[in-house]
Structure formats: structure tokens, C-alpha cells
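**Student:** Sending over a structure as C-alpha cells; questions will come in a sec.
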Amino acid sequence: MSETTSTNEEKKLPLDWRRAVPPNNSNDEENEVPEMEAFGLIPRGFNPRDYLRVEDIYMFKEPHEINKKEHHTDKYYNPKLIVRRGQSFQIQIYFNRPYKPETDQFWLEYLMGRYPQQNKGTYIPILVGNVLKPGQWGAKIIHRENNSIRLTIMSSTTCIIGKFRLYVAVLTPFGILRTRRNSATDTYILFNPWCHLDAVYLDDEKEREEYVLNDVGIVFHGNVEDIKSRSWSYGQFEENILDACLFLMDKAELELSGRGNPIKICRVASAVINSRDDNGVIAGSWNNTYDYGVAPSAWTGSVDILLEYYSSKQPVRYGQCWVFAGVFNTFLRCLGIPARLITNYSSAHDNNANLRLDFFLDDEGKVDTRLTKDSVWNYHCWNEAWMTRPDLPVGFGGWQVVDGTPQETSDGMYRCGPASVQAIKHGHVCFQFDAPFVYAEVNSDIFYTKMEKNGTQVVESVDTTHVGQLIVTKEVGGDRMMDITAEYKFREGSDEERLALETAVMYGVKKQGIQDTTYQPQTDVEMDFQAQKAVLGNDFKVTITIRNKSRNSYTATTYLSGNIVFYTGVTKTEFKKHSFSAKLEPSSSSSFDIVIKSSEYMSDLLEQASFHFFVTARINETGKILAVQKAIVLEIPTLRIKTKGELVAGKEMSVIVEFTNPLKQTLENVTLRLEGPGVLRTIKKQFGRIPMNSTLTWEVKCIPMRPGSRKLIASLSCDALRHVYGELNVQIQKP
């Protein structure tokens with residue numbers, strides 16, 4: 001944080017003894033630029049009109065014109081010129097008379113912020129020359145006609161990202177004449193994944209279209225055995241979103257001179273996306289109460305959240321991991337950094353980063369919720385951003401993990417990343433930033449530990465494969481899931497995986513081994529737990545199977561605990577307890593069914609309709625304990641979306657959303673949301689009640705703006721039912 005976060009009194013005197021120029025960390029603030037900068041006394045009779053004077057500047061800034069087309073910025077709903085760095089663009093200058101290169105001298109000036117300085121990259125004077133060098137600032141005349149000239153301008157590949165003000169300066173014998181401040185000539189410069197000298201260069205066109213230009217994505221949620229997906233509207237091209245994203249960097253007080261560096265931008269953004277410690281964009285809530293705000297599951301995209309924050313400057317309530325990741329993805333893609341949203345199934349939240357999650361059991365083999373502090377999230381979403389890492393050894397560039405969900409502090413603030421995926425895979429967790437935390441999220445082991453009466457801990461069982469068993473993202477160019485687990489870790493149990501673990505331990509990840517010699521698991525008996533597909537509001541069956549592979553007869557005391565949990569793995573209530581004795585015949589397997597009734601769980605259900613079952617079995621003859629755990633997500637009903645009328649850009653059409661209430665109760669205070677980038681802005685509607693088995697129909701009229709393949713996304717939210725979604729792909733024709 002910079003020095004300007006103190007009181008208003010000090011704001012008036014930003015100079016301090018350490019710096020000659022006040023901190024320059026707002027893209028919005030401006031300085032006064034004189035229209036006439038005299039070299040000394042101006043003689044009488046000097047008339048600026050006698051000299052070359054700029055009458056008009058034409059920016060070629062319409063979506064169909066050369067600049068936005070060539071720079072892949074034609075989708076932004078923004079009337080100003082938007083270009084990408086390291087690539088040439090054109091402007092046309094109209095003078096009051098024909099330009100004479102022999103005697104006339106003019107140059108361009110790009111300025112940013114309130115204290116522009118050339119050595120900080122916030123004041124950029126550009127002389128007109130004959131040659132353009134790749135990746136360096138320059139300008140060259142490509143056409144002269146009557147009183148006008150057309151220039152091609154090249155920007156630097158390390159140029160600051162943001163909004164620049166443009167002036168044209170003309171030299172006269174007595175001073176410099178400048179154009180008047182004109183916001184219509186403001187120029188946004190963004191990162192350029194198409195330019196091979198840019199730090200975010202990505203060499204595959206299909207990947208650039210997906211990771212930079214696609215404004216809709218997919219969030220995978222649920223759990224590893226029951227993967228669910230929903231669409232999310234990133235909306236990075238929507239009106240005012242670019243300005244909102246630039247404002248986030250102002251809010252984070254990132255010096256303007258640091259804004260050409262994607263590493264710095266990701267680091268400060270991962271802190272400002274959440275509201276902890278800096279009043280950032282989204283306030284998180286994981287306790288199922290969402291007073292004075294929107295339930296995390298009700299959002300359909302990032303646009304409403306960013307625009308609300310941009311106008312109110314106050315954290316928007318509420319978010320959970322996929323909301324933080326969705327908004328972060330919008331921010332990155334909007335600025336031109338290739339980005340994708342990642343889901344890690346069975347994600348370890350390890351409070352002390354020792355690669356070990358401890359689940360404590362009591363005498364009977366039940367999990368002791370008082371002692372157990374670690375948790376396994378059903379899933380956790382973060383982002384990857386693509387960039388070079390000149391601050392690390394060669395080979396650690398490419399995808400970097402960044403995470404805006406506030407879990408643990410890093411350098412004193414709630415933020416995470418950028419951490420090199422390649423470094424995590426190979427265990428090189430010494431490289432900044434936060435690699436040990438991410439390594440633990442995908443690699444921890446689960447220890448079931450029994451607390452004896454005398455205080456000693458006995459490890460009863462270790463599960464090395466449960467955590468991080470599947471890591472996914474949306475495929476390029478389609479809606480299916482792409483498994484990227486192999487980018488984060490070697491095959492479980494392989495030599496490479498052991499080596500990566502040893503490397504991580506060598507570089508400071510704490511790995512607690514089993515120094516406890518009492519750990520001798522029961523290897524001749526195995527236990528498995530399965531659940532049939534469970535639909536919200538219905539009864540379902542779970543099955544415990546115990547295989548006795550030995551030649552001995554055993555008896556097992558088996559205990560099942562069914563808990564309603566937040567998707568973060570934290571228990572809200574235990575709704576089912578069931579224990580039984582089982583006789584285990586030699587070399588045979590026995591199955592036991594238990595029915596879970598809807599009346600047992602409906603009253604306490606949380607919004608992700610998520611259960612967590614712990615099953616422990618004590619073999620009475622040996623005293624050993626077997627333990628398994630499993631998360632189950634209920635099938636939640638969906639919304640149906642259809643359209644009516646012609647699907648043509650500029651013509652009115654109708655979107656119809658339908659929902660049938662499947663629960664044995666009336667739903668009250670129901671909120672519906674509908675959005676579709678390029679088709680319609682988010683619309684909300686409240687409905688008082690939906691009786692059981694009745695169907696709600698909502699028709700919305702809209703005029704789609706953009707032709708092409710678009711997506712409509714809807715959500716329904718009320719206290720009794722959340723995470724209800726629907727979506728529809730539509731093809732909007734050209735008029």
C-alpha cells in the first residue's frame with residue numbers, strides 16, 4: 001500500500017521527504033497541459049494562427065474501421081480508440097494548411113495520470129520519423145493529401161496498460177502550440193497476446209479466441225463423482241467494464257509505471273477482487289445468510305458486480321469462490337491477459353500448510369468436529385493467467401495460478417499468486433508467489449487420527465489420493481470439460497510424483513511423516529461406500545460394502561455419520577446417525593443399505609445441497625479402524641429457456657423462462673435473473689410465491705445487438721432453493 005492511504009489532511013500535501021513527485025497511481029486524474037508553452041517573452045504581433053495548426057484528429061475508432069479490427073478490440077462497447085501494445089495503428093491529422101516537412105515540425109504526446117514523467121512511461125513524446133522499429137514507440141507518415149496527413153503509430157511492447165490522453169504539439173519560433181484537451185482522442189492501450197514480443201504472447205489463435213475474446217465461460221462445480229456445470233457471463237466487452245477494470249488498479253493503488261507488468265497486475269488484482277483488508281470488489285459469505293445482498297449462487301455473470309462496484313465504490317455482497325474467479329477472469333481478459341477459470345475437486349484448505357489434513361476420531365471412531373480444523377472443499381475455483389516470468393528461472397512461464405478468494409494472507413494481505421503451474425508440478429515451491437499454498441491444495445494427504453484418553457495421537461488411516469484428484473477447465477472452442485490434472489501433478493504413486501514431493505519438502509513445504517510407529521493399517525479388510533443418484537426432495541439409498549480378504553472371521557462395528565455441509569467441507573449439522581454390527585465371513589464381501597429420507601435433510605439443507613458422509617468401521621478382533629468419506633450433491637431442478645420470434649440483430653425477440661417447483665413446499669420470495677452478452681443486459685424479477693408442482697413462466701422482450709453465436713443464462717434464487725440455472729445457445733442472424 002502506498003503512503004496516500006492516510007487522512008484527508010495529508011492528501012492535500014502528498015509530497016514527502018522520500019520522493020520529489022507525489023505517487024502517481026490514478027489513471028483517472030489529469031494535469032493541466034498548456035496550449036501555448038512559451039520559450040520566453042513573446043514578441044508583440046505574434047499570432048499563433050500564422051503557424052501550422054491542428055484543426056481535427058480522426059482516430060479510426062469505429063468497430064468496423066481498421067484499428068479496432070486489426071487489434072481485435074472491435075467487440076468493446078466503447079466509443080474511444082482501443083489498441084493493443086506493440087502493434088501499429090493509424091490516425092489522420094487535419095491541419096489549417098498543407099504540411100511542409102522542410103519547415104514544419106510537430107510531434108505527438110501521450111500522457112497518463114496527474115504527474116506524467118518520461119522515465120516512468122507516463123509521458124510519451126513521439127517524433128515523426130521514416131522507419132518504425134518493432135516494439136518501440138514511433139510514428140511515420142504514410143499518406144499526405146491536401147491539408148491532411150495519415151500517420152501509422154507503433155507503441156512499445158512494454159508500454160503501460162490504461163487510458164492515455166493524446167496531444168499534438170507544433171513547434172513555433174516562440175513556443176510550443178498544443179491541441180486543446182479533447183477526450184474524444186483518448187486512447188486505451190491493452191496487453192497484446194498476438195504480439196510475440198509481449199509478455200502475454202500466446203501462439204495459438206484458437207486459444208487466443210477462447211482465453212481473451214470469449215465473453216462467456218463455464219464453471220464446473222458439484223463434486224468429483226457428480227460434476228455439475230453452469231455458464232458464467234464474463235462480459236469483458238460490455239459498456240463501462242474496461243473503465244471499471246482500470247479503476248480496480250487505481251483502487252489497489254498500483255503505481256502507473258508498474259501497469260505494464262502482468263505479474264504486478266495479477267498480484268494486486270488478486271487482493272482487490274476480495275473485500276478483506278482493502279474494501280475490494282466482492283464481500284465473501286460462507287454461512288448461508290445473505291442479508292442486504294445477493295446470494296452467491298444467484299449471480300449469472302461479472303458485469304453487474306463490476307458496474308455496481310465502479311459506481312458505489314463499496315464491496316458488492318456476496319461471493320464465493322466461483323464468483324471471485326468469474327470476476328477475476330473478466331478483469332484479466334478485459335485487459336488482454338489470457339485467462340481461464342479452473343476447478344480443483346477435493347481441494348485441501350490446509351490451515352498450516354503441512355501437506356497433511358487431520359481428521360480426528362473419538363473413541364467410537366466418529367469424527368470429532370471440535371478438534372478437526374482442516375477441511376476438504378468439494379471443489380475450489382481459481383484462475384490461471386498466461387505470461388512470461390522473467391523474475392523466475394527459465395521454464396516457469398506460461399500458466400500461473402492466481403486466486404482472488406480470501407483464504408490465507410500472503411505478504412500481509414488476502415491474495416494468492418501468481419504461482420507457476422510448472423513449478424507446482426515439479427515441487428519447486430520456492431519460487432514466488434504462494435506456491436506452497438497451491439501445492440498443498442492439490443497434494444495434501446488426509447490423516448485419520450484417534451485421540452487416546454491419555455492425549456496421545458494414533459494414526460488409524462491415511463488417504464493419499466483423495467485431495468486434488470481432478471483439476472479441470474472448459475475446453476477451447478466448446479463447452480465440454482478438459483482434464484488438466486496432469487499439468488499440476490504427476491500420476492499418483494509414480495516415481496516423478498515422489499520426486500516432486502521430496503523437492504517441495506526440500507524447498508520448505510512441511511511434510512509430517514508418520515513418525516508414529518503405532519500406524520499399522522488393517523490391510524486384509526477393505527471398505528467402500530456408494531450412493532445412488534440423489535434428487536432434491538426425494539429419499540435415496542447409500543450402500544456400505546466391506547470385503548474381508550483374509551481367512552479369518554471378523555466382526556465390525558460400523559458407524560455412519562451424515563452431515564449437511566457447506567461446499568467448503570465445513571459441517572453445519574449432523575442429520576443422520578446410524579450404527580450397526582456386521583459379521584464378516586472369510587474371503588467374502590458384505591453390503592449394507594441405509595435409506596436417507598428427505599424428511600431427515602430438507603429442513604437444514606444449504607444452498608449447494610451438499611452432503612458429506614463419514615463411515616468408520618472398527619474391526620473388533622484387532623481394534624483397527626477403517627475410514628472413508630464421500631461428498632454427495634443432490635440433483636437440483638433446472639430452468640427451461642426458449643425464444644420466440646426471429647433471432648435477428650436489431651429486431652425485437654422474446655425470451656421465455658419456465659420453472660416447475662418440484663419440492664413438497666411453496667417457494668417464497670423468488671428472484672429470477674436473465675442475461676446474455678450481446679443479446680440483453682441483466683434483468684431481474686421478483687415472484688412472491690410458487691406453490692408445489694406449479695409452473696412459473698416469465699417472458700422478456702429484447703433487441704439483440706450483435707449477430708453470431710450467443711448464450712442466454714438464467715438463475716433462480718430463494719431461501720429454500722438455490723443454484724437453479726438454465727441456459728440456451730442462440731444464433732443471432734445478421735440483419
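The values are calculated or read from the model by the stated rules, or taken from the named source; none is laboratory data. Remember, it's a predicted structure, so these values are computed and weren't measured experimentally. Because the Cβ atoms are built from the backbone with ideal geometry, glycine has one as well, and the counts that use them run over all protein chains shown. The accessibility values were calculated without ligands, DNA or RNA, using every heavy atom of the protein model including side chains. Shrake-Rupley method; radii C 1.70, N 1.55, O 1.52, S 1.80 Å.
**Student:** Could you work out Rg/(2.2 N^0.38 Å) for region 536-636, with Rg from alpha carbons only?
**Tutor:** In units of the globular-protein estimate, region 536-636 measures up at 1.20.
**Student:** Using only the alpha-carbon atoms of region 36-190 as identical scatterers, what base-10 log of I(q)/I(0) does the Debye formula give at q = 0.09, 0.10, 0.20 Å⁻¹?
**Tutor:** Those come out to -0.30, -0.36, -1.39, one per q.
**Student:** Moving on to the next point. Per residue, how much space in cubic angstrom lies within the convex hull of the C-alpha atoms of region 81-147? Numbers along the way, then the final one.
**Tutor:** Details: hull volume 8.9 nm³, N = 67.
Expressed per residue, the convex hull around the Cα atoms of region 81-147 is 132 Å³.
**Student:** Right, something else. Using a 1.4 Å probe over the heavy atoms of the protein chains, calculate the carbon and sulfur portion of the accessible area of region 370-518 as a whole percent.
**Tutor:** The nonpolar share, carbon plus sulfur, comes to 52 percent.
**Student:** Mean separation of Cα pairs under 8 Å and 6+ residues apart, divided by the residue count of the chain: what relative contact order is that in percent?
**Tutor:** That works out to 9 percent.
**Student:** Same structure again: About the Cα centre of the chain, how large is the charge dipole given +1 on each Lys and Arg Cβ and -1 on each Asp and Glu Cβ? Please answer in debye to the nearest 20. Don't skip to the end; give the middle numbers.
**Tutor:** Numbers: 85 positive and 91 negative charges, 329 e Å.
It comes to approximately 1580 debye.
**Student:** Another one. For Cα pairs less than 8 Å apart in space and 6+ apart in sequence, what is the mean separation divided by the residue count of region 216-507, i.e. the relative contact order in percent?
**Tutor:** 18 percent
**Student:** Can you tell me the convex hull volume per residue for the chain, based on C-alpha atoms, in Å³ to the nearest whole number?
**Tutor:** 193 Å³
**Student:** Still on this structure: Just subtract the alpha-carbon distance of Asn47 and Asp104 from 0.36 nm times their residue separation and send over the number in nm, one decimal.
**Tutor:** Values: separation 57, 0.36 × 57 = 20.52 nm, distance 1.60 nm.
Full-extension gain reported as 18.9 nm.
**Student:** Report, in listed order, any pair from Lys373/Lys549; Lys510/Lys630; Lys313/Lys644; Lys251/Lys572 with a Cα-Cα distance greater than 32 Å. Show your work: numbers first, answer last.
**Tutor:** Details: Lys373/Lys549 34 Å; Lys510/Lys630 27 Å; Lys313/Lys644 39 Å; Lys251/Lys572 36 Å.
Cα-Cα > 32 Å for Lys373/Lys549; Lys313/Lys644; Lys251/Lys572; rest within.
**Student:** Among the listed pairs Lys366/Lys453; Lys61/Lys163; Lys75/Lys685; Lys366/Lys541; Lys68/Lys651, which are separated by more than 18 Å between their Cα atoms?
**Tutor:** Details: Lys366/Lys453 15 Å; Lys61/Lys163 14 Å; Lys75/Lys685 28 Å; Lys366/Lys541 21 Å; Lys68/Lys651 25 Å.
Over 18 Å apart, Cα to Cα: Lys75/Lys685; Lys366/Lys541; Lys68/Lys651.
**Student:** Send over a whole-number figure in Å² for the accessible area per residue of the chain, probe 1.4 Å. Mind dumping the intermediate values first?
**Tutor:** On the way: 31220 Å² over 735 residues.
Here the per-residue accessible area is 42 Å².
**Student:** Tabulate in residue order the Karplus-calculated ³J(HN,Hα) for region 72-82, using 6.51 cos²θ - 1.76 cosθ + 1.60 with θ = phi - 60°, rounded to whole Hz; enter x for Gly and Pro.
**Tutor:** Once rounded to whole Hz, the list reads 6, 10, 6, 8, 5, 7, 8, x, 8, 6, 10.
**Student:** With a Förster radius of 35 Å, plug the Cβ-Cβ distance of Asn119 and Glu408 into 1/(1 + (r/R0)^6) and report the FRET value to the nearest 0.05. Display every interim value, and only then the final one.
**Tutor:** On the way: r = 37 Å, r/R0 = 1.06.
Step by step, r from the Cβ atoms, then E = 0.40.
**Student:** I would also like to ask the following. Ranked highest first by the average count of other Cβ atoms within 10 Å around their residues, in what order do 721-727, 649-655 fall?
**Tutor:** 721-727, 649-655
**Student:** Note down the relative contact order for region 327-477 as a percent, whole number, built from C-alpha pairs under 8 angstrom at least six residues apart.
**Tutor:** 28 percent
**Student:** Please give the charge dipole size of region 36-190, origin at the Cα centre, charges +1 on K and R Cβ atoms and -1 on D and E Cβ atoms. Round to the nearest 20 debye.
**Tutor:** 360 debye
**Student:** Moving on. Given bins 5 angstrom wide, list per bin the percent of all Cα-Cα distances in region 640-732, short to long.
**Tutor:** Histogram of Cα-Cα distances, whole percents per bin: 3, 13, 26, 23, 14, 10, 7, 3, 0.
**Student:** Using only helices, what value at 222 nm comes out for the chain when you add -39,500 (n - 2.57) per DSSP H run of length 4 or more and divide by the total residues, to the nearest 500 deg cm²/dmol?
**Tutor:** So the helix-based figure for the chain works out to -3500 deg cm²/dmol.
**Student:** Please list, or write none, the lysines whose alpha carbon is within less than 18 Å of the alpha carbon of Lys684, excluding same-chain residues fewer than 8 places away.
**Tutor:** Cross-link targets: Lys642, Lys701, Lys711.
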